[in-house]
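Visitor: My questions all concern the structure below.
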Amino acid sequence: MKYADIIIDISHERLDKTFEYIVPTELEQQVFEGVQVVIPFGKGDRAITGYVVAVHDKPSFDVTKLKPIARVVKDSIAIESQLISLAAFLKRNYGSTMNQALKTVIPIKKKENEKLKKEISLNISLDQAKIELTELLTKKNHAMGKERLFKELLEIDVLDWELATKKLQIPSANIRDLEKKGIIKVESVRTFRNPHLNKDAKAKQIILNEQQEAAAEQIKADIDTGRRKTYLIHGVTGSGKTEVYMDVMEHVINMGQQVIVLIPEIALTYQTVMRFYTRFGDRVSILNSRMSPGERFDQFERAKAGEISIMVGPRSALFTPFAKLGLIIIDEEHESSYKSEVIPRYHARETAVYRASLAGATVILGSATPSLEAYSRAKSGEYQLINLNSRAMGQDMAKCEIVDLREELQSGNRSMISRRLMELMADRLEKHQQIMLFLNRRGLMGFVSCRACGHVLKCPHCDVSLHLHKDGTMKCHYCGYTTKAAKVCPSCGSKYIGSFKAGTQRLEEIVKQTFPQARVLRMDADTTKGKDGHEEILSAFAAHEADVLIGTQMIVKGHDFANVTLVGIIAADISLNESDYHSGERTFQLLTQAVGRAGRGTEPGVAVIQTYQPENYAVVTAAAQDYDSFYQQEFAYRRLLSYPPCSHILGIQVTCDKQQDAVAQADILANLIKKNDSEIVIMGPEDAYFAKLKDVYRRVIYLKDDDYDRLVRVKDIVDKFLLEQKQYRNTTTWFDFDPIGTL
């Protein structure tokens, strides 16, 4: 006998309220997570519909009090069924409760977020209204407000209350008087908050070049013949991937289907959305983290009601409740922001592919620097690879120069800006061309390196940089290897050894001191706190209201400024030496994206990469814009050390406000795993990257294996143990599959 947990109202805040039912033997093959069923409910056993969220063998209540499922709803295509199946996928593959997964995929309805507006309409026929108006005009001192209202309602069917009372200056007393007489009616209707878009934006005619057209036609031909695939468009920076997206989007929309477009950063939202809006108009809506809960919920409701055909937004836009989803696009698919940092820690790429399989939709991934995971799947044939090898307008790729900061130090230059970059900046300012200076701040505090020779202190077991701690030790956050902080470089004996400390504010000061005539904008977390902070800075730079734009990662991703002819990368080594096996990949991606900002207009571009490790393959291949060479070397490194995508990692973190309990629980879980699977590779338990955060202690265990399903089985064993154990209930345990960064 099987039993099912069924949720009835999935639009309510309390998604954890489920009801248990018996699964009749004849329905066992038809009942699974996400299926819509009819059940007897309440004292009168009235038939209502619900959704199955879990199926299990053991009942949680007295079986004699449970009722059987009446039937399965046949051929149900309700979007709720897809979203619940998606929630089950998240729970199963990434580790969470079903409630956590449901709250991730289903927008929560809160009554206080509902926005209403009042509308006025005639409650009598038009002929009767004309008679009423004629009678009103025969009166010498008639109410002018009533006259204006009659005349307006004889022209239009429905009049907005605010428009009537404010613009037409009709007193509310006049409206209420006619309402009491039954001549008009006033109704409150639900209205959706609509994100502000530039209604004056004009579409530019886009003509695809030969490569773009071939890419778009290949995808459209597959869609027309019913072949639903996942495509990876590997296009150099400036190759026009967005134009290919839009051509395919138009094809899908003309078929009566809908599109989700994921973008990685809030900084990209305005510029990216305007491209789509100028082409598709009001059929486009957006999501971003700076919108209110009510605004976000309303966009989901508009999507569900069929008011829009395209949703553009970050990771959470993937759960837009489109009933006729035909296409999912993930732009800049390599970005780490596509991995959730909260439970369930899902990746948007895999989740999108699964959702597309439920909806019969196509997936397009796009990047100039694809993730190793996506590119390896394309190489194996799991994804369809499409290459765009040249820029859309035929411009040459920017020339790239590598500056060895060791030589700068030896020559006496200790500034953040090299002599060569200074020279090029002076030239561009004289020519009234624009400059972008990118300070790569990832991993700013942590790794230890020598400024004289570039040597980085690494873990002998994991080949990642050691992390400097305040107690004077250096530690690996994968295996726990610990050693004392070095005073001199073990490679060359120099005393110029330590962690790199620099920021955008300091860089801004240097630029203003060196080039007082330059107009400088800075774009970082401090200058973009306002709701429109990103848009204001980017718009000002695009309008050439500044000569130099200084910023962190957000300035080098996806932006297109035709007058930028020089890009300076201040410190490539910072991300190169993160204590994380992704450091080489992230560095290559950031440098390639940064270099790609230069020379996108009519003038040629130059990029300068400043580094202490000019021979590193991530730097060399980024300067050459040679993804394939980078991929081959990075993939060989991952295969040698069994890192994803050549293997898989499961991170298990235990947190508690009592250190001894966190340590004890982590040890128990590690022993449990060893007992159930003696051959799986276990690293730890060790302190997490931040061993204590907000007075909560954190311990972590890492598991490695080639088989993802094996790690899922371990997760299930730990989950079951945690449900049954009575000790250390004050600890919290969560999972992260193929983590991006150390836990």
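Visitor: Evaluate the distance, in nm, between pseudo-label points positioned 7 Å from the Cα of F32 and of F61 along their respective Cα→Cβ axes.
Guide: According to this spin-label approximation, the distance is 2.6 nm.
Visitor: Using only Cα atoms, locate the centre of segment 627-668 and the centre of segment 147-187, then give the distance between them in Å, rounded to an integer.
Guide: 66
Visitor: So if I place +1 on the C-beta of Lys and Arg and -1 on the C-beta of Asp and Glu, and nothing else carries charge, what would the dipole magnitude of segment 648-737 be about its Cα centre? I want it in debye, nearest 20. Could the numbers behind the result be given before it?
Guide: Working: 14 positive and 16 negative charges, 69 e Å.
In debye, rounded to 20, segment 648-737 gives about 340.
Visitor: Shifting gears a bit: If you count, for each residue, the other Cβ atoms within 10 Å and average over each peptide, how do 534-542, 662-670 line up from highest to lowest?
Guide: 662-670, 534-542
Visitor: Further, regarding this structure: Give me the distance in nm between label points sitting 7 Å out from Cα along the Cα-to-Cβ direction at T97 and E603, one decimal.
Guide: Output for this residue pair reads 5.9 nm.
Visitor: Dipole of the chain, Cα-centred, from +1 at each Lys and Arg C-beta and -1 at each Asp and Glu C-beta, to the nearest 20 debye? Don't skip to the answer; put the middle values down first.
Guide: Details: 100 positive and 97 negative charges, 359 e Å.
With Lys and Arg at +1 and Asp and Glu at -1, about 1720 debye.
Visitor: Straight-line reach from K379: which lysines have a Cα under 24 Å away, not including same-chain ones fewer than 8 places off?
Guide: K220, K229, K241, K339, K704
Visitor: For segment 247-364, report the translational diffusion coefficient in µm²/s to the nearest whole number, using Stokes-Einstein at 10 °C, 1.306 mPa s, and a Kirkwood Rh over Cα pairs.
Guide: Taking Rh from Cα pairs, D becomes 112 µm²/s.
Visitor: While we're on this one: So which GluC sites (Glu not before Pro) in segment 657-743 pass both tests, a DSSP loop state and at most 16 other Cβ atoms within 10 Å of the Cβ? Write down the numbers at each step before the final one.
Guide: Numbers: sites: E679, E686, E724; in loops: E679.
Here the GluC sites (Glu not before Pro) that fit, given the DSSP loop and packing criteria, are E679.
Visitor: Got a sec to turn the phi values of segment 312-319 into Karplus ³J(HN,Hα) couplings, 6.51 cos²θ - 1.76 cosθ + 1.60 with θ = phi - 60°, whole Hz, x for Gly and Pro?
Guide: Per-residue couplings from phi come out as 10, x, x, 3, 5, 5, 4, 9 Hz.
Visitor: With r as the distance between the Cβ atoms of H142 and E536 and R0 = 45 Å, compute the FRET efficiency 1/(1 + (r/R0)^6) and round to 0.05.
Guide: On the way: r = 51 Å, r/R0 = 1.12.
The formula returns an efficiency of 0.35 here.
Visitor: Expected output is a single nm value to one decimal: the length gained when fully extending between I8 and D471, i.e. 0.36 nm times separation in residues minus the C-alpha distance. What is it?
Guide: Details: separation 463, 0.36 × 463 = 166.68 nm, distance 5.42 nm.
Full-extension gain reported as 161.3 nm.
Visitor: To continue, here is another question. Once the Cα atoms of segment 116-190 are picked out, what are the Rg and Dmax in Å?
Guide: 11.6, 39
No value in this document is a laboratory result; all are computed from the given coordinates. If you're wondering where the values come from, they're calculated on a predicted model, not measured in any experiment. So basically every Cβ, Gly included, is an ideal-geometry build from the backbone, and we count neighbours across all protein chains shown.
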